[in-house]
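Enquirer: Here it is, the structure in full.
Bear in mind these aren't lab numbers, they're just calculated from the coordinates by the rules spelled out. All values reported here derive from a predicted model rather than from experimental measurement. In this analysis, Cβ positions are derived from the backbone assuming ideal geometry, glycine residues included, and neighbour counts consider all displayed protein chains.
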Amino acid sequence: MTVTTRGSGDGGASRTYSTPDEVTSKLATLRRTFASGRTKNLKYRKWQLKQLYWLIEDHEFDITKALAADLGKHEFETLAGDIAGCKSDILLHIANLEAWTADERPADAGFVFRHVGSAVVRKEPRGVVLVIGAWNFPLLLVVQPLVAAVAAGCTVLVKPSEMAARTEALLAELLPKYLDPEAYAVVTGGPAETGFVLAQRFDHIFFTGSAGVARHVALAAAKNLTPTVLELGGQGPAIVTAKADVDLAAKRILAAKFMNAGQICLSVNHVFVDPTVHTEFVRRLNFWVGEFNGQGDKHYEEMTNIINERNYDRLKGAYDKSAGKKLTNGREFVRENLRIPLTIVDDVTTDDSLMKEELFGPILPVIRATYHEAVREMARLPHALSLYIFSESRPEIDYILSHTLTGGVTINDCMVHAGTPGVPFGGVGDSGSGSYHGKYGVEAFTHKRAVVQLPNWLDKVMGFRYPPYDMEKNRKRVEKKNTLGFKRGEGIEDQVIKMPGEGGGWKKYTLVLALFAIAVGSWRSGIGPVWLQELAGRIVGTMSGVLASK
């Protein structure tokens, strides 16, 4: 299907979108490939991940050009954020593929299931999955979930954002050349084509975008009972307390707004500033706006464009209606270039036009509020994807953490938690469901399948489970006693809380040392069971080797 579009970077060019027949044909191929078991092979997965790495490596220049055309993105942001982000993620998955996909033997399965029989959590790929990317990071937000799905062993249908036309075309061209086209396919299109895609049956859907579109995705998924991961956004605030490093807070909050022109689900939407440091904070904001925007065109033009006229008009309209004090450092809004300067709007109230929805742009509303007031205001709004706390006081930080709920938190910086290895990234409530990054992404595309087996001879001791039941004879076999020893009538003050790892450790280590001493004594004296003497000999040999290597 050929359509003519108008948006940033495409110049109103004609574009060919995937037809319904193409979509269904590609899906049928993906289903056949998954059924063949090809993508379950770990060597195959690793090979495909390496192919994806070479795609990024070989086409850095093309990627930079595409993102510049779509978003006016500076090449440094493309290299540091998009290209390096994709490569790092691929390398991380290759390095940890075996560990993240290995079967697990649960430690708390109990003696019978661990030592007499077996209990295994088997990691199975979910199947044929759909990945829908977003326009603000049109490469990264496709590649990251794609990498996780490949590592998990799924086949994948990729739907890039049509709003980033050049990147969409580049992915449609390159992915089939580097990856197995029978296992990983790309479809293109706008809302109508995406609606047709969503009407198909998938085993999992991964969507990145707005909460409004996510509701349509969730509704379509529900018709087929398809599980989803929804990576959304929200009005994520920064809170600057009276005990914050005010200059550092101003610098880092504005840097977050500058990156991608604030068009990041993680970006600071607005900032609550304690009244006692408000004047100094705004003064430092003004200083850093001057530094980031610059005096000439060079610095100003380093900032990304707004994606299209519709989003430009939305932001400009909210800005024009705002009753706050507007500080732009002399820069103008330019619709022809889709450019909005890094802009501060001071003394904003919570009912201001800039606070009606997630801004997703380089405008920063500043609200005077103590951190207690900020927490109360956050409780009035849907849960945000991120929260940024600027304070040097641990009690203040702990209070804010204990009285708020967001997808993630970075303290004394912005967006760092999203790039931290080993932690999940995802929202809660209106900011999303499910998480990914690293092993959490692989888990999102993995079904954890319980596989249990007991030996047949256990029937001799478990025959009581078969009817007819003998209540009198077998009651004690199935009764469960209070082995924890808590008493009737206990109150909340009687409860003892022990965090994992607290207490009891000395008993374990004392037992180990005692067994070690007995074993070594048996080995040296030649007294004791042969197996104990042999074990002691191995222990002593191992310890000697360790000590010799120091």
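Enquirer: With n ≥ 4 as the cut-off for DSSP H runs, can you work out [θ] at 222 nm for the chain, using -39500 (n - 2.57) per run divided by the number of residues, rounded to the nearest 500? Don't skip to the answer; put the middle values down first.
Expert: Numbers: 19 runs with 236 residues, N = 550.
So the calculated ellipticity at 222 nm is -13500 deg cm²/dmol.
Enquirer: How big is the C-alpha Rg of segment 237-424 next to the rule-of-thumb value 2.2 N^0.38 Å, as a ratio? The partial results should precede the final answer.
Expert: Details: Rg = 15.6 Å, N = 188, 2.2 N^0.38 = 16.1 Å.
Taking the Cα Rg and dividing by 2.2 N^0.38 Å, one obtains 0.97.
Enquirer: Filter the GluC sites (Glu not before Pro) in segment 408-481 down to the DSSP loop ones having no more than 16 other Cβ atoms within 10 Å, then list what survives. Don't skip to the end; give the middle numbers.
Expert: Values: sites: Glu443, Glu472, Glu479; in loops: Glu479.
Those satisfying the criteria are Glu479.
Enquirer: Can you list residues from other chains, or at least 5 along the same chain, whose modelled amide H is less than 5 Å from the amide H of His270?
Expert: So His270 has HN proximity to Ala238.
Enquirer: Then there's this: If we count every other residue with Cβ under 10 angstrom of Ala369's Cβ, Lys/Arg +1 and Asp/Glu -1, where does the sum land? Don't skip to the answer; put the middle values down first.
Expert: Values: positive: Arg368, Arg376; negative: Asp274, Glu373, Glu377.
Charge balance in the 10 Å sphere: -1.
Enquirer: Out of (1) 36.4; (2) 28.8; (3) 38.9, which label holds the value of mean projected area of the Cα convex hull in nm² that was computed here?
Expert: After the calculation, the listed value that fits is (1).
Enquirer: Here is a further query. Roughly how tilted is helix 165-178, in degrees to the nearest 10 and between 0 and 90, from the longest Cα axis of the chain?
Expert: Tilt relative to the chain: about 40 degrees.
Enquirer: What net charge do the residues around Val271 carry, taking every other residue with its C-beta under 15 Å from that of Val271, with Lys and Arg at +1 and Asp and Glu at -1? Intermediate results must be reported in sequence, preceding the final value.
Expert: Values: positive: Lys251, Arg252, Lys257, Arg283, Arg284, Lys325, Arg368; negative: Asp245, Asp247, Asp274, Glu280, Asp346, Asp347, Asp352, Glu358, Glu373, Glu377, Asp413.
Net local charge, Val271 excluded: -4.
Enquirer: Which of the pairs Lys159/Lys257; Lys223/Lys439; Lys321/Lys356; Lys46/Lys177; Lys448/Lys480 have their Cα atoms more than 19 Å apart in this structure? Walk me through the intermediate numbers first.
Expert: On the way: Lys159/Lys257 28 Å; Lys223/Lys439 29 Å; Lys321/Lys356 11 Å; Lys46/Lys177 17 Å; Lys448/Lys480 28 Å.
Beyond 19 Å: Lys159/Lys257; Lys223/Lys439; Lys448/Lys480.
Enquirer: Which whole-number percentage describes the relative contact order of the chain, with Cα contacts under 8 Å and a sequence gap of 6 or more? Write down the numbers at each step before the final one.
Expert: Working: 955 pairs, mean separation 82.2, N = 550.
Computed over the chain, the figure is 15 percent.
Enquirer: Only bridges with both residues in the chain count here: give the DSSP antiparallel percent, nearest 5. Could the numbers behind the result be given before it?
Expert: Details: 19 of 52 bridges.
In the chain, approximately 35 percent of DSSP beta bridges are antiparallel ones.
Enquirer: Can you compute the charge dipole magnitude of segment 56-153 about its Cα centre, using +1 on each Lys and Arg Cβ and -1 on each Asp and Glu Cβ, nothing else charged? Give it in debye, rounded to the nearest 20. Could the numbers behind the result be given before it?
Expert: Details: 8 positive and 14 negative charges, 106 e Å.
For this selection, approximately 500 debye.
Enquirer: Next question. Mind listing the phi-derived Karplus ³J(HN,Hα) values for segment 365-378, rounded to whole Hz, using 6.51, -1.76 and 1.60 with θ = phi - 60°, and x for any glycine or proline?
Expert: x, 10, 10, 6, 6, 6, 5, 5, 5, 4, 4, 5, 5, 4
Enquirer: Once the Cα atoms of helix 84-101 and of the chain are each reduced to a long axis, what angle between those two axes, in degrees from 0 to 90 to the nearest 10, is obtained?
Expert: 20 degrees
Enquirer: Further question on the same structure: Apply the Karplus curve 6.51 cos²θ - 1.76 cosθ + 1.60, θ = phi - 60°, to the phi angles in segment 221-236 and return the couplings in whole Hz, x for Gly and Pro.
Expert: With the stated coefficients, segment 221-236 comes to 5, 5, 5, 10, 6, 8, x, 9, 10, 10, 9, 10, x, x, 8, x Hz.
Enquirer: Okay, moving on. In units of 2.2 N^0.38 Å, what is the alpha-carbon radius of gyration of segment 360-495? Display every interim value, and only then the final one.
Expert: Numbers: Rg = 25.7 Å, N = 136, 2.2 N^0.38 = 14.2 Å.
Normalised Cα radius of gyration, segment 360-495: 1.81.
Enquirer: Shifting gears a bit: Could you list which residues have their amide H under 5 Å from that of Ala384, counting only those 5 or more apart in sequence or on another chain, with H placed in the peptide plane?
Expert: Under 5 Å from the amide H of Ala384: Gly407.
Enquirer: Hey, can you grab everything whose amide H is under 5 Å from the amide H of Thr208? Only 5+ residues off in sequence or another chain; H modelled, so Pro and N-termini drop out.
Expert: The answer is Ile132, Glu231.
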